[in-house]
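Reading through the structure tokens given below for one structure.
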Amino acid sequence: MNPQLAAFLNDNFPDTKADLFAVFIERNCRYAFKSGHLGFMTPFVWMFISSYEKLRRTITTKRSLTSLIQLEYSGFADATVPICTFTLRNEFTGETGEFVSLSNFRGADNQPLKTLEAVTNPNVDYRYTSCSSDFSKIPGSPIAYWASKKVRSIFQKSKTLKEIAEIKQGIATANNALFLRIWSEVSFSNIGLSFKNREKAKESGLKWFPYNKGGDYRKWYGNNDYLVNWENDGCEIRNYKDEQGNLKSRPQNPDFYFKESITWSFVSSSKFGVRYSPPGFIFDVAGSSLFPSKDYIYYIMAFLCTKLSHEFLKLLNPTLNFQVGNISNLPVIITTDDGKFKMINEKSLECISISKTDWDFFETSWDFKCHPFLTYKDNATTIEEAFGKWSSFAESQFNQLKQNEEELNRIFIDIYGLQDELTPEVEDEDITISKADRERDIKSFISYAVGCMFGRYSLDKEGLIYAGGDFGEKYRVNNGDWEINVGDEWLPSSVRLAANNIIPIVDGDYFEDGVLERFVEFVKVSFGK
């Protein structure tokens, strides 16, 4: 919109000014006679997103939706767009409307066929009957035509999440390339982990601190990849201005930085991924966070990881953008059954622990200790045997997490009284920890071995050994043999380090300092000849 058009809309269409298609709907309603009929094809975002709430309230209280068809994203052959078609009466009559959801039928060819099927057969499971007045029973008045009476009642009678927890957006840096890093890109000695408040972080003099930034769909724990420059209490970010001296960044809600929290990914490609965040993290908009009291953090964590929360969110906003407002309006029932409450907390803690163990088995975690082949080696004398033991452990963890999630679903379905609408079963694809994978895990073992060759890791000491700082404080050569500093003692290093910080990779003949010979040597040391 040019400035002239934007000003005109601001004066004449204040409730719909953000988008021309919304203005178009309002203007046509003004054109039509009272009780007249109107028909539209528009994006379906107006049905759910908060910026269209005033338009929804007008439609659901002053007019009557008489029919609506919500197309699947690929409903047109040449475009992927969120489209709906709908008709309405230009007054509120109290009549019901017919609604058809084509979301589960992919492809342009399916859309007309399934629509005609719904027209001729009112009993298909993707056709619904609902009254416009019902939509106001859910916060934000989303056009959630598939919601049952029981679910609407839950929204009306329950407390919302915002009533029992603080829900906040964090930093908008205005320049992530300048202020953010993947944790492995900086010296580990300049990273501040587990600080519980801004004051301690400032006093440390450190520059980089953990940063919740959303990420892929993952539940319970993980996606701890990023750091943010919060040196001297974020001095650079808090003073990041344009040439006119206007502040570009938005360091919002700083009083909540470093606090224990629950975080989620703002944008998702699949489902709602909620994770526990221990003390020490700052957060941004894409990694928005909520802060319950200590008594409820694991209970709420469990609820948000159940089927129920995802189904409720689909009613509030099924566009896969999990906004703070949507999360705030989730209905929360705190059970008064002490036994159930205790079990929920215990299961929640166990799920977090299992997911953290899984996350930390990969070098991409800053809490990585040792490769799982060596952690679960026991008496194995070959890599194949070690892989088998690791595979058994990973399988048992996966099954335990799935069992826990199904039990939590069962408990919360009972608490909410939704036994007739939901089942507790969880699909394997929705469990977000890893089973063993032969190719991936062998590659990661080679990667770990190379890390040991360079001194990043060691067979003689768990965790990161050298990742920036003074190399001489970690390793030394004594009479031609490498030694590692373990505590206050220098002990022989099991692995020979790359003296020149170079390991050749060659095609063909072996030679003593090549990566292949060194890897064979590593396997002999770690598993025996």
Applied in sequence order to the range 185-202, the curve 6.51 cos²θ - 1.76 cosθ + 1.60 (Karplus, θ = phi - 60°) yields integer Hz couplings, x standing for Gly and Pro, of 7, 10, 4, 4, 6, 10, 9, x, 9, 6, 6, 9, 7, 5, 4, 5, 5, 5
Report the accessible area of Asp78, computed with a 1.4 Å probe over the heavy atoms of all protein chains in place, in Å² rounded to the nearest 10. 150 Å²
Please work out how much accessible surface Glu429 shows to a 1.4 Å probe, ignoring ligands, DNA and RNA, in Å² rounded to 10. 150 Å²
Solvent-accessible surface ranking, highest first, for Met301, Met41 at 1.4 angstrom: Met41, Met301
Loop only per DSSP, at most 13 neighbouring Cβ atoms within 10 Å: give me the chymotrypsin sites (Phe, Trp or Tyr not before Pro) in the range 475-529, ordered by residue number. Tyr510, Phe511
The range 82-125-the range 249-328 distance, computed between alpha-carbon centres (Å): 33 Å
Give the carbon-plus-sulfur fraction of the accessible surface of the range 267-315 in %, rounded to a whole number; probe 1.4 Å, heavy atoms of protein chains only. 56 percent
Heavy atoms of Ile502: accessible area, 1.4 Å probe, square angstrom to 10: 120 Å²
Per the Debye formula with a single identical scatterer at each Cα and no solvent contribution, what log10 I(q)/I(0) holds for the chain at q = 0.09, 0.10 Å⁻¹? -0.83, -0.97
From the mean inverse distance of alpha carbon pairs (Kirkwood) and the Cα radius of gyration, derive Rg over Rh for the range 260-354. 0.95
Using only the alpha-carbon atoms, how far is helix 20-31 inclined from the longest principal axis of the chain? Give it as 0 to 90 degrees, nearest 10. 10 degrees
A 26 angstrom limit on the alpha carbon distance is what I want to check against. Which of Lys342/Lys402; Lys248/Lys294; Lys157/Lys213; Lys150/Lys259; Lys149/Lys219 exceed it? Lys248/Lys294; Lys157/Lys213; Lys150/Lys259; Lys149/Lys219
Quick one: ranking His37, His371 by accessible area, 1.4 Å probe, largest first, what do you get? His37, His371
Between the range 467-529 and the range 181-220, how far is it from one alpha carbon centroid to the other, in angstrom? 30 Å
Tell me the angle of helix 438-454 to the major Cα principal axis of the chain, expressed in degrees between 0 and 90 and rounded to the nearest ten. 50 degrees
So who's got an amide H within less than 5 Å of the one on Glu166, skipping anything under 5 residues away but keeping other chains? H placed 1.01 Å off N, in plane. Phe291
Which ³J(HN,Hα) values in Hz, rounded to whole numbers, follow from the phi angles of the range 234-244 under the Karplus curve 6.51 cos²θ - 1.76 cosθ + 1.60, where θ = phi - 60° and Gly and Pro get x? x, 4, 5, 5, 6, 10, 7, 10, 7, 5, 8
log₁₀ of I(q)/I(0) at q = 0.16, 0.22, 0.27, 0.30 Å⁻¹ - the range 434-494, Debye sum with one point per alpha carbon: -0.56, -0.87, -1.15, -1.32
To the nearest 10 degrees, the tilt of helix 383-416 (Cα long axis) against the first principal axis of the alpha carbons of the chain is 30 degrees
Return the sequence-ordered ³J(HN,Hα) values of the range 131-148 in whole Hz as given by the Karplus equation 6.51 cos²θ - 1.76 cosθ + 1.60 applied to θ = phi - 60°, using x for Gly and Pro. 9, 4, 5, 5, 5, 6, 7, 10, x, x, 6, x, 7, 8, 5, 8, 5, 7
Share of the range 67-202's accessible area from carbon and sulfur, percent, 1.4 Å? 49 percent
Quickly estimate the mean residue ellipticity at 222 nm for the chain, helices only: each DSSP H run with n ≥ 4 gives -39500 (n - 2.57), and the total goes over all residues, rounded to 500. -10500 deg cm²/dmol
Could you list which residues have their amide H under 5 Å from that of Asn212, counting only those 5 or more apart in sequence or on another chain, with H placed in the peptide plane? Ile282, Phe283, Asp284
One quarter of the convex hull surface, Cα atoms only: what value does that give for the range 339-483 in nm²? 12.1 nm²
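The values are calculated or read from the model by the stated rules, or taken from the named source; none is laboratory data. Since this is a predicted model, take the numbers as computed values, not measurements. Cβ: placed from backbone, ideal geometry, glycine included. Neighbour counts: every protein chain shown. Note: accessible area is taken over every heavy atom of the protein model, side chains too, but ligands, DNA and RNA are not part of it. Shrake-Rupley method; radii C 1.70, N 1.55, O 1.52, S 1.80 Å.
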